[in-house]
């Protein structure tokens with residue numbers, strides 16, 4: 001827990017420092033463009049300056065997001081406040097969308113009512129300087145985002161990339177108009193606004209997904225299952241569920257199969273060790289359910305293998321676990337859980353029917369089959 005708190009503080013420190021730098025850079029760019037836009041009577045440069053002013057607001061949101069996310073767990077929020085970072089990302093995405101739509105509206109007006117721009121070298125210097133600063137900010141945000149795996153900083157990096165394109169479009173339109181007299185400012189702004197809107201929608205989707213409760217990413221699933229499966233005593237594992245309460249706040253549960261002949265106290269100690277190791281290695285608070293399995297029943301093994309063979313012929317992706325055999329009213333009852341690919345959803349009865357018929361045909365015996373179906377988690 002001490003290590004987790006230390007990591008959380010480090011994450012918050014990086015995020016707040018990055019947000020503070022973003023506020024300063026964007027305020028500097030906004031001030032210079034608003035002054036130049038006024039002097040040059042350029043609507044596009046003034047709009048670009050207002051865009052940077054909104055970026056400063058986004059950086060303030062980033063600062064607040066990391067500040068609120070570092071609040072410790074309390075009575076009302078026992079899993080902490082790390083999801084504030086996701087909310088900050090969503091606000092930044094919303095701001096990007098607003099900027100995109102506002103730029104689109106301004107561009108349409110400029111296409112309908114084109115206006116001349118007062119050209120000057122100072123204007124060119126300011127616009128080129130802005131592009132260079134925004135390029136640096138984009139790489140800086142990406143580097144810091146990679147360092148702490150922050151969607152908020154990735155969103156800020158995308159926003160800086162959009163600003164590079166926006167300012168480059170303003171610069172191109174200014175130079176082209178000065179050289180040729182063609183007024184393409186509105187056209188360039190319209191093309192850039194479409195890119196910005198698409199980018200904002202993509203960022204919003206990426207942020208909303210973890211808030212809604214997405215499954216564990218493939219890499220984390222493979223790491224957890226690979227490690228747990230390799231542990232002493234563990235014969236198999238299944239039903240991994242991961243709950244994300246924000247960066248550094250992941251909780252998970254899984255079932256592990258262990259030979260029923262092993263002393264329960266020994267199993268308990270090994271499970272405790274695995275849970276601690278999952279937290280140390282992967283930063284995941286793991287809760288493990290112990291499934292004792294029978295390993296020395298020849299009849300059960302035979303039926304189990306028959307069921308597996310039949311299901312593999314139906315679909316090689318189907319897996320089963322918690323396999324048990326009972327006797328009910330003189331008939332054998334097979335009870336187990338089955339994980340099926342998503343394309344089999346709604347066709348479970350067909351699987352049960354084919355499995356029952358094939359078993360009866362092979363063994364000349366009628367079975368009662370009770371299956372709990374789980375959809376395959378392909379996150």
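The values are calculated or read from the model by the stated rules, or taken from the named source; none is laboratory data. Model, not experiment: these values are computed from the prediction. Positions of Cβ are generated from backbone atoms using ideal geometry, with glycine treated the same way; all protein chains shown enter the neighbour counts.
Taken over segment 173-232, the criterion of being under 18 Å from the mean Cα position of the chain (by Cα) and outside any helix (DSSP H, G or I) is satisfied by 213, 214, 215, 216, 217.
For the condition within 19 Å of residue 198 (Cβ to Cβ) and in contact (Cβ under 8 Å) with a residue 24 or more places away in the chain, what is the one hit in 156, 82, 88, 173? That would be 156, the only listed residue that is within 19 Å of residue 198 (Cβ to Cβ) and in contact (Cβ under 8 Å) with a residue 24 or more places away in the chain. If you take the residues of segment 100-119 that are under 20 Å from residue 35 (Cα atoms) and either at pLDDT 75 or above or in contact with a helix residue (DSSP H, G or I) (Cβ under 6 Å, 6 or more places away or on another chain) (or both), which of them is surrounded by the fewest Cβ atoms within 10 Å (Cβ to Cβ)? Checked segment 100-119; the qualifying residue surrounded by the fewest Cβ atoms within 10 Å (Cβ to Cβ) is 118.
Looking at 14, 23 in this structure, which one is within 21 Å of the chain's Cα centre (by Cα), in the same structural domain as residue 125 (by TED's automatic domain parsing) and modelled with pLDDT of 75 or more?
14
Of all residues in segment 249-270, those that are over 25 Å from the mean Cα position of the chain (by Cα) and either within 14 Å of residue 289 (Cβ to Cβ) or in a helix (DSSP H, G or I) (or both) total 10. For first residues located in segment 332-359 and in the same structural domain as residue 303 (by TED's automatic domain parsing), partners that are loosely packed, with under 14 Cβ neighbours inside 10 Å and part of a helix (DSSP H, G or I) and lie 6+ apart or on another chain with Cβ distances below 8 Å form the pairs 340/348. Residues that are exposed (fewer than 13 other Cβ atoms within 10 Å of the Cβ) and either within 29 Å of the chain's Cα centre (by Cα) or within 26 Å of residue 226 (Cα to Cα) (or both) are absent from segment 326-335. For segment 165-175, does any single residue satisfy the condition of being in contact with a strand residue (DSSP E or B) (Cβ under 9 Å, 6 or more places away or on another chain) and at pLDDT below 85? Checked segment 165-175: no residue is in contact with a strand residue (DSSP E or B) (Cβ under 9 Å, 6 or more places away or on another chain) and at pLDDT below 85. Would you check which residues across segment 120-146 are surrounded by 14 or more Cβ atoms within 10 Å (Cβ to Cβ) and closer than 30 Å to residue 283 by Cβ and list them? Matches in segment 120-146: 137, 138, 140, 141, 142, 144, 145. In this structure, residue 271 does not satisfy being touching a helix residue (DSSP H, G or I) at 6+ places or on another chain (Cβ under 9 Å) and either surrounded by 14 or more Cβ atoms within 10 Å (Cβ to Cβ) or on the phi > 0 side of the Ramachandran plot (or both). Out of all the residues in segment 52-73, is one or more farther than 16 Å from residue 153 by Cβ, touching a residue at least 60 places away in the same chain (Cβ under 8 Å), part of a helix (DSSP H, G or I) and in the same structural domain as residue 173 (by TED's automatic domain parsing)? Within segment 52-73 (the criterion being farther than 16 Å from residue 153 by Cβ, touching a residue at least 60 places away in the same chain (Cβ under 8 Å), part of a helix (DSSP H, G or I) and in the same structural domain as residue 173 (by TED's automatic domain parsing)), the answer is yes, since at least one residue qualifies.
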